[in-house]
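Visitor: Before I ask anything, let me first share the structure, which is written out below as structure tokens.
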Amino acid sequence: MPSLLDEKVSPIYQEVLARNPGETEFHQAAREVLESLGPVLVKHPEFAQHKIIERICEPERQIIFRVPWRDDKGEVQINRGFRVEFNSALGPYKGGLRFHPSVYLGIIKFLGFEQIFKNALTGLPIGGGKGGSDFDPKGKSDDEVMSFCQSFMTELYRHIGEHTDVPAGDIGVGGREIGYMFGQYKRITNRWEAGVLTGKGLDWGGSLVRTEATGYGAVFFVDEMLKARKDTFEGKICSVSGSGNVAIYTTEKIHQLGGKVVTCSDSNGYIYDEKGIDLALMQQLKEVERRRIKDYTQYRKHAKYIAKGNIWEVPCQVAMPSATQNEINGADAAMLVKNGCIAVGEGANMPTTPEGVKVFLEAQIAYGPGKAANAGGVATSALEMQQNAERNSWTFDHTEKRLQEIMRNIHELCYETSIEYGTPGNYVNGANIAGFIRVAKAMVAFGVV
Ligand code: NDP
Ligand code: 2IT
């Protein structure tokens, strides 16, 4: 790929490659941000003088640990746990935990790196971090998941705290896992410290709207992009990938705004339902019964299940990738554009490859990158922390209004920044630059630390 890296930034990227061998997802995430930063160094020479980019690319702390646990047969299992505390310039490290067999340091670092800028865009006092494990929750009993979570927290507890580092959910980590981890943290520390984890249950310190927040927020962001083009969701055919937390609430909010979602998926295949996804059925299958999405067609006979198919073949006007990284490649992006897609909002983190991003930007469709579009989840986590700090809980309506306001502000900030830096409507540049500047200014203020 031809280099889009500025001559000042290019050596920094080479150094990232050399210092972090084999961490391909981290390289990809770092490169995407660095490609936006050349013009920032021209306007802000102090950032180069203080080596802010070099420092931001190096995590403040990386923790890797053994997680031994016993399965239902009594056999000992061993997984690897991670917490990368990337940047605490703006607040305690904040970011989710991912439990998935593909997890290794490169995945956690890409997620932690993205999280720094995403969290900065929210305008709330949260730094960036991420953690997780190569543990696979699929097919495990509740007892096994509990056993794993307790062991994971038995090491993690010493590194976290409401003013230090505040984990939450991500792929494979939802309310059940947060419950087991909160229980173990409380037991070990003898502290009922609500603010140490977010995504908690509503009866024990959780926030209304946190479950819905990432999906709702992503749809609010796309709605803002559409409004900027004098358009709305009304009547739009939409394609959503995944069938987890983000996909479910993305689908719900699109339906509330008058759009029609016709797809959902898991790692085995996708569903095409031309009448619109039946959300209640999807929630029953996924949230309650933890089944595979293939079973959807048992209850909606007209719907089609395409095993191992490519979901992006389905023509749509709005695409919202909500499963995992690199799920849209260059060819998929070209197919989406050719089939009439006018807006993409990334519920997932880094779901589009660099080739795909290039296609969307060149086609000048409304493209909302993950660190802006999916910031509603972590923003509502920060609202959960606010409620915990004041020992209070807000209503659904109040919290959803705050979320919508935050997403509107993020959209405006990215849009204005894209204009200021000479690439109007390029939300990739807008998000990278605006997020970076907030963190960089704090780091300059703090001196060499
Ligand atoms: P869930 O675990 O609830 O759901 C994940 C979904 O994505 C499942 O349908 C899963 O299918 C699919 N998926 C996961 N990994 C893969 C893979 N390697 N290939 C194909 N499909 C895959 O996770 P979330 O909904 O919470 O997360 C989805 C995305 O959103 C992630 O990128 C996450 O980082 C991002 N995100 C999440 C936030 C949150 O608050 N939860 C906040 C911001 C971003 P299967 O069951 O087959 O694995
Ligand atoms: O990627 C993300 O922003 C998340 N998984 C949510 C993080 C959080 O702390 O709520």
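The values are calculated or read from the model by the stated rules, or taken from the named source; none is laboratory data. No experiment lies behind these values; they were computed from the predicted model shown. Glycine also receives a Cβ, built like all others from the backbone with ideal geometry; neighbour counts cover every protein chain displayed.
Visitor: Please state which of the following conditions Ala389 fails to meet, knowing it meets all the rest: (1) in contact with a Ser or Thr (Cβ under 7 Å, 6 or more places away or on another chain); (2) over 25 Å from Cys238 (Cβ atoms).
Guide: (1)
Visitor: Does the range 339-349 contain at least one residue that is of a type in the set (A, V, I, L, M, F, W, C), surrounded by fewer than 23 Cβ atoms within 10 Å (Cβ to Cβ) and within 28 Å of Pro137 (Cα to Cα)? Can you show your working first?
Guide: Residues of the range 339-349 of a type in the set (A, V, I, L, M, F, W, C): 341-344, 348.
When the remaining residues are screened for being surrounded by fewer than 23 Cβ atoms within 10 Å (Cβ to Cβ), the result is 342.
Remaining after also requiring within 28 Å of Pro137 (Cα to Cα): none.
No, the conditions are met nowhere in the range 339-349.
For every residue, the table says whether it meets (1) more than 11 Å from ligand 1 (Cβ to nearest atom); (2) part of a loop (DSSP other than H, G, I, E, B).
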{"residue": "Cys264", "(1), (2)": "no, no"}
{"residue": "Ala319", "(1), (2)": "yes, no"}
{"residue": "Asn326", "(1), (2)": "no, yes"}
{"residue": "Phe360", "(1), (2)": "yes, no"}
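Visitor: While we're on this one: Which of the residues that make up the range 414-427 are within 22 Å of Pro45 (Cα to Cα), part of a helix (DSSP H, G or I) and touching a residue at least 60 places away in the same chain (Cβ under 8 Å)? Break it down stepwise before answering.
Guide: So in the range 414-427, the residues within 22 Å of Pro45 (Cα to Cα) come out as 414, 416-423.
Filter once more, so that each one left must be part of a helix (DSSP H, G or I): 414, 416-420.
Residue satisfying the conditions is Cys414 alone.
Visitor: Okay, moving on. Return yes when Gly129 is closer than 24 Å to Ala247 by Cα, within 13 Å of ligand 1 (Cβ to nearest atom), surrounded by 19 or more Cβ atoms within 10 Å (Cβ to Cβ) and of a type outside the set (Lys, Arg) and no when it is not. Before the answer, list the steps.
Guide: Details: closer than 24 Å to Ala247 by Cα: yes; within 13 Å of ligand 1 (Cβ to nearest atom): no; surrounded by 19 or more Cβ atoms within 10 Å (Cβ to Cβ): yes; of a type outside the set (Lys, Arg): yes.
The answer is no for Gly129.
Visitor: Now for a separate question. Residues in the range 394-404: is at least one among the basic types (Lys, Arg), touching a residue at least 60 places away in the same chain (Cβ under 8 Å) and away from ligand 1 (no atom under 12 Å from the Cβ)?
Guide: Let us first name the residues in the range 394-404 that are among the basic types (Lys, Arg), namely 401-402.
Subset that is touching a residue at least 60 places away in the same chain (Cβ under 8 Å): none.
No.
Visitor: Taking the range 168-222 as the region of interest, how many residues are away from ligand 1 (no atom under 12 Å from the Cβ), among the aliphatic types (A, V, I, L, M) and within 24 Å of Asp266 (Cβ to Cβ)?
Guide: The number of residues fulfilling the criteria is 2.
Visitor: Okay, next question. Give the residue that is nearest to Thr297 (Cα to Cα), with candidates limited to residues of the range 252-262 that are out of contact with any helix residue (DSSP H, G or I) (no Cβ under 8 Å at 6 or more places or on another chain) and either outside any helix (DSSP H, G or I) or within 15 Å of ligand 1 (Cβ to nearest atom) (or both). I'd like the intermediate steps shown before the answer.
Guide: Looking only at the range 252-262, we keep the residues that are out of contact with any helix residue (DSSP H, G or I) (no Cβ under 8 Å at 6 or more places or on another chain), and these are 256, 258-259, 262.
This time we only want the ones that are either outside any helix (DSSP H, G or I) or within 15 Å of ligand 1 (Cβ to nearest atom) (or both), so: 258-259, 262.
Numbers: Gly258: 24, Gly259: 22, Val262: 13 Å.
Among those residues, the one meeting the criterion is Val262.
Per-residue answers, yes or no, for (1) hydrophobic (A, V, I, L, M, F, W, C); (2) closer than 24 Å to Leu90 by Cβ; (3) touching a strand residue (DSSP E or B) at 6+ places or on another chain (Cβ under 9 Å):
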site	(1), (2), (3)
Cys316	yes, no, yes
Pro369	no, yes, yes
Glu390	no, yes, no
Thr395	no, no, no
Gln404	no, yes, no
Arg408	no, yes, no
Leu413	yes, yes, no
Thr423	no, no, no
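Visitor: Here's a follow-up. Find the residue count for the range 183-193, including only residues that are under 25 Å from Ala379 (Cβ atoms) and not in a loop (DSSP other than H, G, I, E, B).
Guide: 1
Visitor: Oh, and also: Here are Ser207, Ser243: which of them is in contact with a Cys (Cβ under 7 Å, 6 or more places away or on another chain), modelled with pLDDT of 95 or more and within 17 Å of Gly377 (Cα to Cα)?
Guide: After ruling out the rest, the residue left standing is Ser243.
Visitor: Now for a different question. Which condition from (1) within 16 Å of ligand 2 (Cβ to nearest atom); (2) over 21 Å from Thr24 (Cβ atoms); (3) buried (at least 19 other Cβ atoms within 10 Å of the Cβ); (4) not polar (S, T, N, Q) is the one that Met146 breaks?
Guide: Checking Met146 against (1) within 16 Å of ligand 2 (Cβ to nearest atom); (2) over 21 Å from Thr24 (Cβ atoms); (3) buried (at least 19 other Cβ atoms within 10 Å of the Cβ); (4) not polar (S, T, N, Q), the one that fails is (1).
Visitor: Pick from Val444, Val448, Val357: which is of a type in the set (A, V, I, L, M), within 17 Å of Met225 (Cβ to Cβ), touching a residue at least 12 places away in the same chain (Cβ under 8 Å) and surrounded by fewer than 24 Cβ atoms within 10 Å (Cβ to Cβ)?
Guide: Details: Val444 fails: within 17 Å of Met225 (Cβ to Cβ); Val448 fails: within 17 Å of Met225 (Cβ to Cβ).
Of the residues listed, the single one that is of a type in the set (A, V, I, L, M), within 17 Å of Met225 (Cβ to Cβ), touching a residue at least 12 places away in the same chain (Cβ under 8 Å) and surrounded by fewer than 24 Cβ atoms within 10 Å (Cβ to Cβ) is Val357.
Visitor: Testing Ala372 on (1) more than 18 Å from the chain's Cα centre (by Cα); (2) crowded, with 22+ Cβ neighbours inside 10 Å; (3) within 16 Å of ligand 1 (Cβ to nearest atom), one condition comes back false. Which one is that?
Guide: Tallying (1) more than 18 Å from the chain's Cα centre (by Cα); (2) crowded, with 22+ Cβ neighbours inside 10 Å; (3) within 16 Å of ligand 1 (Cβ to nearest atom), Ala372 fails exactly one: (1).
Visitor: Another question, if that's okay. Here are Val222, Val196, Val240: which of them is closer than 22 Å to Ile160 by Cα and aliphatic (A, V, I, L, M)? Full working, then the answer.
Guide: Working: Val222 fails: closer than 22 Å to Ile160 by Cα; Val240 fails: closer than 22 Å to Ile160 by Cα.
Just one listed residue meets the conditions, Val196.
Visitor: Separate question: Condition check: surrounded by fewer than 21 Cβ atoms within 10 Å (Cβ to Cβ), more than 10 Å from ligand 1 (Cβ to nearest atom) and free of Cβ contacts under 8 Å to residues at least 40 places away in the same chain. Does Glu289 satisfy that? So that I can check it myself, show each step before the final result.
Guide: Numbers: surrounded by fewer than 21 Cβ atoms within 10 Å (Cβ to Cβ): yes; more than 10 Å from ligand 1 (Cβ to nearest atom): yes; free of Cβ contacts under 8 Å to residues at least 40 places away in the same chain: yes.
Yes.
Visitor: Could I ask something else about it? Condition check: at pLDDT 95 or above, surrounded by 18 or more Cβ atoms within 10 Å (Cβ to Cβ) and more than 13 Å from ligand 2 (Cβ to nearest atom). Does Gly161 satisfy that?
Guide: On the way: at pLDDT 95 or above: yes; surrounded by 18 or more Cβ atoms within 10 Å (Cβ to Cβ): no; more than 13 Å from ligand 2 (Cβ to nearest atom): yes.
No; evaluated as a whole, the condition is false for this residue.
Visitor: Answer yes or no as to whether Val378 is among the β-branched types (Val, Ile, Thr), more than 16 Å from ligand 2 (Cβ to nearest atom) and modelled with pLDDT of 95 or more. First the steps, then the outcome.
Guide: Details: among the β-branched types (Val, Ile, Thr): yes; more than 16 Å from ligand 2 (Cβ to nearest atom): no; modelled with pLDDT of 95 or more: yes.
No: the conditions fail for Val378.
Visitor: When the residues of the range 381-414 are narrowed to those that are within 16 Å of ligand 2 (Cβ to nearest atom) and among the β-branched types (Val, Ile, Thr), which ends up farthest from Val209 (Cα to Cα)?
Guide: Ile410
Visitor: Return the residues of the range 194-251 that are surrounded by fewer than 20 Cβ atoms within 10 Å (Cβ to Cβ) and in a helix (DSSP H, G or I); say none if nothing qualifies.
Guide: Within the range 194-251, Gly195, Leu202, Asp203, Trp204, Lys227, Ala228 meet the criteria.
Visitor: Just give me the residues in the range 86-104 being more than 9 Å from ligand 1 (Cβ to nearest atom) and basic (Lys, Arg), in sequence order.
Guide: Lys94
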